[in-house]
1. Compute the separation of the alpha-carbon centres of region 58-99 and region 111-135 and state it in Å as a whole number.
2. Compare the peptides 130-142, 38-50, 81-93 by average per-residue count of other Cβ atoms within 10 angstrom and give them in order, highest first.
3. Skipping prolines and chain starts, which residues have an amide H placed within reach, meaning under 5 Å, of the one on residue 21, given they are 5 or more residues away or on another chain?
4. Between residue 101 and residue 55, with labels modelled 7 Å along Cα→Cβ, what's the label distance in nm to one decimal, could you check?
5. Roughly how many nanometres apart are two label points built 7 Å out from the Cα toward the Cβ at residue 109 and residue 89?
6. What full-extension length gain, to one decimal in nm, is calculated for residue 150 and residue 80 as 0.36 nm per residue of separation minus the Cα-Cα distance?
7. How many nm separate the modelled label positions at residue 137 and residue 4, each set 7 Å beyond the Cα in the direction of the Cβ?
8. For n ≥ 4 DSSP H runs only, could you compute -39500 (n - 2.57) per run for the chain, divide by its residues and tell me the 222 nm figure to the nearest 500?
Amino acid sequence: MTSETVGETTGETIAVAADHAGFELKNQLKDRLLGAGHAVLDLGTHGPESVDYPDYGSAMAEALGAGRASRGVLVCGTGIGISIAANRHSGVRAAVCHDVTTAKLARQHNDANVLALGARVIGPETALQCLDVFLATPFDSGERHSRRIAKLG
Ligand code: RB5
């Protein structure tokens, strides 16, 4: 599995990872991130050949745990399998989002640090909207949300 960081290195580094079902959308999301001035750590996959989504969810968790990126974006066919894989690792809060409402609430209530998207479920325009909202929305760090996040471990 190869990875590389491209783009600005002065701002936030966002990691991206996908399986074969998500790699085309992952590339579109990567372009959006670079266009917005972020550095991007691309964990693959880099082509349409069939791969196993748990490998990429775990790669994301390892990259975040190692401090190679501050947040991440995962893509598979549904967003489900790859987010389950990532969420098995402590400190990862990956949220499958289908629209701007779920992307916004994943940040406000759940302090999600990984956006998971389903390339076979939503179109690229919706995915890009989810990305923009996810990155722009702060956590509502009120007492009740912080208490619940702490219980997630
Ligand atoms: C791959 O065919 C598909 O199962 C995968 O991308 C994902 O949707 C699994 O959750």
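1. 12
2. The most tightly packed comes first, giving 81-93, 38-50, 130-142.
3. So residue 21 has HN proximity to 77.
4. 3.8
5. 2.6
6. Contour length minus Cα-Cα distance gives 22.9 nm.
7. So the label points at residue 137 and residue 4 sit 3.4 nm apart.
8. Helices in the chain give a 222 nm mean residue ellipticity of -13000 deg cm²/dmol.
Bear in mind these aren't lab numbers, they're just calculated from the coordinates by the rules spelled out. These figures come from a predicted structure and were not determined experimentally. Here Cβ is always computed from backbone atoms with ideal geometry, including for glycine, and neighbour counts include all displayed protein chains.
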